[in-house]
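Structure first, then comments.
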Amino acid sequence: MTQKIFIKTYGCQMNEYDSSRMADVMAPHGFVRADTPEEADLVILNTCHIREKASDKVYSELGRLRSLKTARAGEGRQMIVAVAGCVAQAEGEEMLRQAPVIDIVVGPQVYHRLPEMVARARARNRIVDTEFPAVDKFDALPESRQVEGPCAFLTIQEGCDKFCTFCVVPYTRGAEYSRPVRQIEAEARNLVLRGVREITLLGQNVNAYHGDDGNGGECGLGPLVDVLSRIEGLERIRYTTSHPRDMDDALIEAHRVNDKLMPFLHLPVQSGSDRILDAMNRGHTRQMYVDLVARIRAARPDIALSSDFIVGYPGETDEDFAQTMDLIRTVGFAQSFSFKYSPRPGTPASAERKQVPEETKARRLEILQAELTAQMRRFMESCVGRRFDILLEKPGRYPGQMIGRSPYLQSVNVVAPHARIGDFVTVDIVAALPNSLKGELAGRSGSRQVGRN
Ligand code: SAH
Ligand code: SF4
Ligand code: F3S
């Protein structure tokens, strides 16, 4: 009998990847994707623990699911509710106590065991599995069959050993682990066979990647990009999230020589103050970041950068914040994500006495975001007049219009009546809209694409 699975994803791209893999795991057991929880027999919330707001959302969603589950039971049908991801890993058993609606709590390292957990939940058991097993989850996962569109994520590295003082990831995702090169290559080839043209390699610390190269050695991210770029039909490669400390020469060299590696790099810096960077345990100074950016730009002059920032880290003064603003102006970012510091249970920074008042955080965030938004606008406007290859992802709002992605991940609208999803088209950018660009067809470019114009 066909059953339906609904998965709601919070948090980062790694969670998005895991959600699609959970769907892959359940597919051989007769589960097809549902668009709403109302029609689903199995609902999975794939949760994020990074900031307080993110984990709070889960409990309000569980409240809604409770009434749905009761209504279902009234119709004589069972609805199974599973909580996956980083809140599941962090809170485990405790979640069952907090939310009686939950049947399954499953951590990010064991979701390949979902089918047996679901079978046990059917028999009215409640299950918690948040182990970090020795057996490799990736070996147990089936091939991806449910590829949607020409862009895909591929997790190559998991976990983190860096222990930044504000961050829960080392606790929720465990120690750093790199998948072997052959396993990644096989997954990439399978994706390309299913129509994928662009792959984003994922890891909490993706550039710390050091996988088994199959010859008794280790392979870093730069050489891995080279291996993958030889796959015919794979036209674009990206990676995220990188740590400034792990940008090695081989990776910078890959940006210089490999045309399939897109000229857009997310390189979080968090703060521009040496004092705060040190307190955060980031392991680099402001100057090291500035120098690194200079080396990357020398290798690939058209590269654009994005970053993450935290304001109001414990003990952050006006002077520290001024340093962050100064770094932003010095480097210049095409895009950014910024957050108020959120104390997280079990992390060293949450125990600091000198927490910054909420109003100060809010004020600093506003100032920071105004500058970052202005920089983003300037970057978008600087794209007008440039010629880009666009990978078409979906139909636009009007007949004949399509929406694709630029090398810099911007959404681009273009009227291209004869093109199909998955095609590359060359466009001239004619306008910068609030959140996207407008392009005009310059001529069909088949499957070759160039990022550097
Ligand atoms: N591995 C990545 C970050 C992953 S978390 C890195 O090292 O850069 C994504 C972003 O969330 C971080 O870059 C940081 O800016 C933000 N973040 C993490 N913990 C946070 C916290 N406790 N409060 C506010 N923002 C936080
Ligand atoms: Fe968190 Fe730091 Fe690891 Fe990034 S590098 S995941 S911010 S501990
Ligand atoms: Fe959130 Fe976990 Fe990703 S805490 S950001 S879902 S690694």
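The values are calculated or read from the model by the stated rules, or taken from the named source; none is laboratory data. Keep in mind that this is a model prediction, so the values were computed, not measured. Methodologically, a virtual Cβ is constructed for each residue, glycine included, from the backbone with ideal geometry; neighbour enumeration extends over all protein chains shown. With ligands, DNA and RNA removed, areas are computed over all heavy atoms of the protein, side chains included. Shrake-Rupley method; radii C 1.70, N 1.55, O 1.52, S 1.80 Å.
When G422, G404, G400 are screened for being small (G, A, S) and over 26 Å from the mean Cα position of the chain (by Cα), only G400 passes. Scanning region 404-428 for residues that are under 20 Å from R238 (Cβ atoms), assigned to a strand (DSSP E or B) and open to solvent by less than 30 Å² (accessible area, probe 1.4 Å) yields G404, V412, F424, V425, T426, V427.
Results for (1) more than 9 Å from ligand 1 (Cβ to nearest atom); (2) open to solvent by 10 Å² or more (accessible area, probe 1.4 Å); (3) under 20 Å from the mean Cα position of the chain (by Cα), shown as yes or no for each residue.
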position	(1), (2), (3)
V290	yes, yes, no
S306	yes, no, yes
Y313	no, no, no
E319	yes, yes, no
Q323	yes, yes, no
I328	yes, no, no
V331	yes, yes, no
F337	no, yes, yes
P345	yes, yes, no
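So S144 clears everything in (1) surrounded by 13 or more Cβ atoms within 10 Å (Cβ to Cβ); (2) within 28 Å of E94 (Cα to Cα); (3) modelled with pLDDT under 95 except one condition, right? Which one? Of everything listed in (1) surrounded by 13 or more Cβ atoms within 10 Å (Cβ to Cβ); (2) within 28 Å of E94 (Cα to Cα); (3) modelled with pLDDT under 95, S144 misses just condition (2). Scanning region 205-220 for residues that are open to solvent by less than 20 Å² (accessible area, probe 1.4 Å) and part of a loop (DSSP other than H, G, I, E, B), we see that the one that is nearest to ligand 2 (Cβ to nearest atom) is N205. Considering only residues that are out of contact with any helix residue (DSSP H, G or I) (no Cβ under 8 Å at 6 or more places or on another chain) and closer than 19 Å to A27 by Cα, look in region 120-138 and name the one that is surrounded by the most Cβ atoms within 10 Å (Cβ to Cβ). The extreme case among them is A121. When region 147-204 is limited to residues that are within 13 Å of ligand 3 (Cβ to nearest atom) and β-branched (V, I, T), the one that is most open to solvent (accessible area, probe 1.4 Å) turns out to be V169.
Restricting region 347-374 to residues that are of a type in the set (K, R) and part of a helix (DSSP H, G or I), the residue that is surrounded by the fewest Cβ atoms within 10 Å (Cβ to Cβ) is R363. Contact map, region 5-31: first residue within 14 Å of ligand 3 (Cβ to nearest atom), second residue of a type in the set (K, R) and in a helix (DSSP H, G or I), Cβ cut-off under 8 Å, separation 6 or more or different chains; pairs are Y10/K57.
Residue by residue, here is whether (1) within 16 Å of ligand 1 (Cβ to nearest atom); (2) crowded, with 18+ Cβ neighbours inside 10 Å; (3) closer than 20 Å to Q204 by Cβ; (4) modelled with pLDDT of 95 or more holds:
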| residue | (1), (2), (3), (4) |
| --- | --- |
| D18 | yes, yes, yes, yes |
| M26 | no, yes, no, yes |
| L42 | no, yes, no, yes |
| K57 | yes, no, no, no |
| S60 | no, no, no, no |
| R64 | no, no, no, no |
| M79 | no, yes, no, yes |
| I102 | no, yes, no, yes |
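Looking only at residues in region 257-275 that are part of a strand (DSSP E or B) and open to solvent by less than 10 Å² (accessible area, probe 1.4 Å), the one that is farthest from G315 (Cα to Cα) is L261.
Hey, which of the helices (runs of 4 or more DSSP H) in region 39-119, taking only ones fully inside, have at least 1 residues that are touching a residue at least 24 places away in the same chain (Cβ under 8 Å) and touching a helix residue (DSSP H, G or I) at 6+ places or on another chain (Cβ under 6 Å)? Correct list: 52-74, 85-91. The number of residues in region 221-239 that are open to solvent by 40 Å² or more (accessible area, probe 1.4 Å) and part of a helix (DSSP H, G or I) comes to 2. Applying the set (1) part of a helix (DSSP H, G or I); (2) within 21 Å of the chain's Cα centre (by Cα) to S242 leaves exactly one unmet item: (1).
The set of residues from region 383-419 being among the small types (G, A, S) and in contact with a Lys or Arg (Cβ under 8 Å, 6 or more places away or on another chain) comprises S411, A419.
Scanning region 161-181 for any residue that is away from ligand 1 (no atom under 16 Å from the Cβ), at pLDDT 95 or above and touching a Leu at 6+ places or on another chain (Cβ under 7 Å) turns up at least one such residue.
Condition (residue is under 30 Å from R364 (Cα atoms), within 16 Å of ligand 3 (Cβ to nearest atom) and open to solvent by 20 Å² or more (accessible area, probe 1.4 Å)) applied to region 241-254: is it met by at least one residue? Yes, region 241-254 has at least one match.
For every residue, the table says whether it meets (1) free of Cβ contacts under 8 Å to residues at least 40 places away in the same chain; (2) of a type in the set (A, V, I, L, M); (3) closer than 22 Å to C160 by Cβ.
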site: I310; (1), (2), (3): no, yes, yes
site: D318; (1), (2), (3): yes, no, no
site: T324; (1), (2), (3): no, no, no
site: I328; (1), (2), (3): no, yes, no
site: A334; (1), (2), (3): no, yes, no
site: Y341; (1), (2), (3): no, no, yes
site: A349; (1), (2), (3): no, yes, yes
site: Q355; (1), (2), (3): no, no, no
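Of the residues screened, T200 is one that is away from ligand 2 (no atom under 16 Å from the Cβ) and not in a helix (DSSP H, G or I).
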